[in-house]
Amino acid sequence: MSDVVIRVENLSKQYQLGEIGTGTISYDLNRWWAKTRGKEDPFSKIGINFSPTQTTNSDHIWALKDVNFEVRQGEILGIIGRNGAGKSTLLKLLSKVTKPSTGQIKLKGRIAALLEVGTGFHPELTGRENIFLNGAILGMTKSEIKNKFDEIVDFSGVERYIDTPVKRYSSGMYVRLAFAVAANLEQEILIVDEVLAVGDAEFQKKCLGKMQDVSTNEGRTVLFVSHNMTAINALCNKGLLLKNGTVENYGPIGECVKIYLNNNAEQTKINLSDRKDRIGNGVFRFIEVILLNKYLKPQNEFLSGEEVNIMIRYKNINDMTLKNVSIAIALNNSFDTQLTNMANYISDKTFETLPHDSTIICKIHKLPLVTGTYSFNFFSRVNDDISDWIINTCALNVESGDYYKTGQVTESNQALFLMDYNFSLINK
Amino acid sequence: MTNSTISSEKQEQWTEIIAPERGLLDLQLTELWRYRDLLLMFVRRDFISTYKQTILGPLWFFLQPILTTFIYVVIFGHFAGLSTDGTPKILFYLAGITSWNYFSECLNKTATVFKDNASIFGKVYFPRLIMPLSIVVSNLVKFIIQFILFLAFFFYSLFNSDLNVHPNTTILLTPLLIFIMAGLGLGFGMIISALTTKYRDLIFLLTFGIQLLMYATPVIYPLSSIPEQYQLFIQANPMTAIIETFRYAYLGHGHFSWGTLLYSFSFTIVLVILGTIIFNKVEKGFMDTV
């Protein structure tokens, strides 16, 4: 057990919602008055336990609740979870930016937290001066930075501009310099929060490589937060999955990613029967939709290149067998631009007969989409009459995945969609 | 079973434990010392960024007190006809302005330290005390530059025998005076900064407060021009003894007593200790409220 470098025990963090500051003087006076008379604090609401998503009328929420885990030396721990799961709060507590409400964190060694690249960079100072300033902010002494200076400049690749004020830098150079400082820190524990979302692909690869390197070769511990499942999967050996401020799973990274992707499977089933904003005569009605993976298990997040099955339940109100049914599913991106249309009369042919109440499946063999949120429109036509048409039926969340089975990812800023292609040499 | 867990617990040497509360007097000064390079880095940043891309550059450090002195000489000296105890008007006001500026800048900047640095405090941890300390040192650099300006006028007047300037050995107290000024600015600033994280209104009050305080301090008038019965009020202000001693030391006119100086000194020590404790208490949780 001696190689445990971080132990988090019953860690909780409570936040106060709404406006803070107005009327606090009178609150505080009230509180003080109650205290001096030996009464209970009139404003505390201890003992109420709720999740951030649960709506309550109280103005306090637990961003983290009873979190326990351990990290061993040299491990790369991937912290995953949806927005609001408590990832950032956990990092803030670990990096001592804010204090926990209850519980404690025990550490062995110094922590360097990279919650943002270039914290404290001053635009008027030169690259050289900012290296020293940023390094000092991150906890290094001047002599430590001096020793590492050449390495930092080398890693950043901006040596030509090192004596130019950073306000003249391109944003890419800025980020590279900032990450270079952080990557060459001496601290035993490194916390990295999504900083890789910036910079070009080549530099991102360099950063990932560097993190791998400090962990395996220097025995340092890395905590890495990201939404990029490919990077998490490739880099980390352990995972911590947070959900509504609590630990949902803590174990091997593959297992965590899998649970994360299958998370909220219940919510994936979307009831359409109550939708009023529909057009059509209603002979054929969409009742329910659910997105399934290739094992036909409900799934909420899909990776690029994965198989997606759109399972739709439909119904005929008069319990009649339907004839000559056309169905179309339109795919829209987050700007509501229609990207494509999947229609049975194009790919296959119209359903000549359909039972009055059943389920149909539309299989997307290899999802050609980049990271983002997409939505579907459903359309059906029976005997040339529009029978049901619903806009925005369900959302499709896509995270970057291994589309080409090479471990490489097309950056989302380089593509709107993914093409199935390959290269080869013709004249041998 | 339980025993073994306890013993393994004992064996583990945690270098740090992050817990909700820590002792009131646990000021973590060793950690502060480890970050001393950061303090100098901040001072350097402040200095460079102040004059970068200005035509006159560091000259502004001179121009500001010169212009203020000029205005004071014209308005308070000539139009209002306030006494300067017979000392040269320029030196009299310059002495007051230079010392007052140092105190008030330290106070002003320290008081809003959480607000001004919320973005950096929210992203990275370092001992927060570094920030107020760097403000005090940054302003010290500025003060020394302005003090050199004062000395230039001082020596000019000194060798101009018809001007009424009589320095004495109290000059040796200068470092102590600077220390007390810095301490007062820092101490008050830290207490106010701790309060402003919760009660924002205080920031607006502060601007008025400092201005009012200046008139309650012998900056534009000598203590001797105040009627006897009010002098005690003015002397309750710890800055009074500083500016009066300063003028007494360099110009030979002003109220000087070891008693008032000791009062200012002990006031400062108590204030700095109190300020540090309050600052440290607020510092850990302020990110949630600021």
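Tabulated values for the structure
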{"read-out": "In the range A:98-128, residue most open to solvent (accessible area, probe 1.4 Å) [restricted to those that are assigned to a loop (DSSP other than H, G, I, E, B) and among the hydroxyl-bearing types (Ser, Thr, Tyr)]", "value": "A:Ser101"}
{"read-out": "Test: B:Lys89 is within 23 Å of the chain's Cα centre (by Cα) and either open to solvent by 10 Å² or more (accessible area, probe 1.4 Å) or closer than 30 Å to A:Val117 by Cα (or both)", "value": "no"}
{"read-out": "Hits in the range B:32-89 (condition: polar (S, T, N, Q) and within 14 Å of chain A (Cβ to nearest Cβ))", "value": "B:Ser49, B:Thr50, B:Gln53, B:Thr54"}
{"read-out": "Subset tally (residues that are within 19 Å of B:Ser119 (Cβ to Cβ) and among the hydrophobic types (A, V, I, L, M, F, W, C)) for the range A:95-107", "value": "1"}
{"read-out": "Test for A:Ile131: is it assigned by TED's automatic domain parsing to the domain that holds A:Pro165, buried (at least 21 other Cβ atoms within 10 Å of the Cβ), at pLDDT 90 or above and not in a strand (DSSP E or B)", "value": "yes"}
{"read-out": "Tally of residues being part of a strand (DSSP E or B) and free of Cβ contacts under 8 Å to residues at least 60 places away in the same chain across the range A:362-380", "value": "9"}
{"read-out": "Of residues in the range A:292-308 being of a type in the set (A, V, I, L, M) and crowded, with 18+ Cβ neighbours inside 10 Å, the one nearest to the chain's Cα centre (by Cα)", "value": "A:Leu303"}
{"read-out": "Any hit, the range B:203-214, residues being open to solvent by less than 10 Å² (accessible area, probe 1.4 Å), modelled with pLDDT under 90 and more than 14 Å from chain A (Cβ to nearest Cβ)", "value": "no"}
{"read-out": "Residues satisfying the stated conditions in the range A:146-186, i.e. among the polar types (S, T, N, Q) and not in a helix (DSSP H, G or I)", "value": "A:Thr164, A:Ser170, A:Asn184"}
{"read-out": "Qualifying positions in the range B:106-121 - of a type outside the set (Gly, Ala, Ser) and in a helix (DSSP H, G or I)", "value": "B:Cys106, B:Leu107, B:Asn108, B:Lys109, B:Thr110, B:Val113, B:Phe114, B:Lys115, B:Asp116, B:Ile120, B:Phe121"}
{"read-out": "In the range B:28-47, residue most open to solvent (accessible area, probe 1.4 Å) [restricted to those that are more than 21 Å from A:Leu93 (Cβ to Cβ) and at pLDDT below 85]", "value": "B:Thr30"}
{"read-out": "Residue that is modelled with the lowest pLDDT, among those in the range A:36-87 that are open to solvent by less than 20 Å² (accessible area, probe 1.4 Å) and aromatic (Phe, Trp, Tyr)", "value": "A:Phe50"}
{"read-out": "Within the range A:318-350, tally of residues that are open to solvent by 70 Å² or more (accessible area, probe 1.4 Å), over 26 Å from A:Tyr374 (Cα atoms) and not acidic (Asp, Glu)", "value": "4"}
{"read-out": "Qualifying residue in the range A:87-97 (condition: at negative phi and assigned to a strand (DSSP E or B))", "value": "no"}
{"read-out": "Test: A:Ile287 is more than 24 Å from the chain's Cα centre (by Cα), among the β-branched types (Val, Ile, Thr), surrounded by fewer than 20 Cβ atoms within 10 Å (Cβ to Cβ) and assigned to a strand (DSSP E or B)", "value": "yes"}
{"read-out": "Meets criteria (open to solvent by less than 30 Å² (accessible area, probe 1.4 Å), basic (Lys, Arg) and either modelled with pLDDT of 65 or more or in contact with an Asp or Glu (Cβ under 8 Å, 6 or more places away or on another chain) (or both)) for A:Arg7", "value": "yes"}
{"read-out": "Residues satisfying the stated conditions in the range B:224-249, i.e. buried (at least 20 other Cβ atoms within 10 Å of the Cβ) and farther than 13 Å from B:Leu262 by Cα", "value": "B:Ile243, B:Glu244, B:Phe246, B:Arg247, B:Tyr248, B:Ala249"}
{"read-out": "Among residues of the range A:159-178, those that are of a type outside the set (S, T, N, Q) and within 14 Å of chain B (Cβ to nearest Cβ), counted", "value": "6"}
{"read-out": "Selection from the range B:92-121 of residues that are within 14 Å of chain A (Cβ to nearest Cβ) and surrounded by fewer than 21 Cβ atoms within 10 Å (Cβ to Cβ)", "value": "B:Lys115, B:Asp116, B:Asn117, B:Ala118, B:Ser119, B:Ile120"}
{"read-out": "Conditions (1) of a type outside the set (Phe, Trp, Tyr); (2) within 14 Å of chain B (Cβ to nearest Cβ); (3) assigned to a loop (DSSP other than H, G, I, E, B); (4) over 18 Å from A:Glu116 (Cα atoms): number failed by A:Ser143", "value": "(3)"}
{"read-out": "Residue count, the range A:323-337 (criterion: at negative phi, modelled with pLDDT of 85 or more and of a type in the set (S, T, N, Q))", "value": "4"}
{"read-out": "Which listed residue, of A:Gly401, A:Gly372, is at positive phi and at pLDDT below 90", "value": "A:Gly372"}
{"read-out": "Test: residue in the range A:241-248 that is over 19 Å from A:Val4 (Cβ atoms) and among the acidic types (Asp, Glu)", "value": "yes"}
{"read-out": "Every residue from the range A:97-128 that is closer than 21 Å to B:Arg34 by Cβ, at the interface with chain B (Cβ under 7 Å from one of its Cβ atoms) and more than 23 Å from the chain's Cα centre (by Cα)", "value": "A:Lys99, A:Ile105, A:Lys106, A:Leu107, A:Lys108, A:Gly109, A:Gly120"}
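For every residue, the table says whether it meets (1) touching a Ser or Thr at 6+ places or on another chain (Cβ under 8 Å); (2) within 14 Å of another protein chain (Cβ to nearest Cβ); (3) not in a helix (DSSP H, G or I).
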site: B:Tyr230; (1), (2), (3): no, no, no
site: B:Met239; (1), (2), (3): yes, no, no
site: B:Gly254; (1), (2), (3): yes, no, yes
site: B:Phe267; (1), (2), (3): no, no, no
site: B:Gly275; (1), (2), (3): no, no, no
site: B:Ile278; (1), (2), (3): no, no, no
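Residues checked against (1) modelled with pLDDT under 85; (2) open to solvent by less than 30 Å² (accessible area, probe 1.4 Å):
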| position | (1), (2) |
| --- | --- |
| A:Ile137 | no, yes |
| A:Val158 | no, yes |
| A:Thr164 | no, no |
| A:Ser170 | no, no |
| A:Val181 | no, yes |
| A:Ile189 | no, yes |
| A:Val198 | yes, no |
| A:Lys205 | yes, no |
| A:Thr221 | no, yes |
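Residues checked against (1) crowded, with 20+ Cβ neighbours inside 10 Å; (2) within 14 Å of another protein chain (Cβ to nearest Cβ); (3) in a helix (DSSP H, G or I):
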{"site": "B:Lys123", "(1), (2), (3)": "yes, yes, no"}
{"site": "B:Phe126", "(1), (2), (3)": "yes, yes, no"}
{"site": "B:Met131", "(1), (2), (3)": "yes, yes, yes"}
{"site": "B:Tyr156", "(1), (2), (3)": "no, no, yes"}
{"site": "B:Pro167", "(1), (2), (3)": "no, no, no"}
{"site": "B:Leu172", "(1), (2), (3)": "no, no, yes"}
{"site": "B:Pro175", "(1), (2), (3)": "no, no, yes"}
{"site": "B:Leu184", "(1), (2), (3)": "yes, no, yes"}
{"site": "B:Ile191", "(1), (2), (3)": "yes, no, yes"}
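The values are calculated or read from the model by the stated rules, or taken from the named source; none is laboratory data. If you're wondering where the values come from, they're calculated on a predicted model, not measured in any experiment. Backbone-built Cβ (ideal geometry, glycine too); neighbour counts: all protein chains shown. These accessible areas exclude ligands, DNA and RNA; they are computed on the full protein's heavy atoms, side chains included. Shrake-Rupley method; radii C 1.70, N 1.55, O 1.52, S 1.80 Å.
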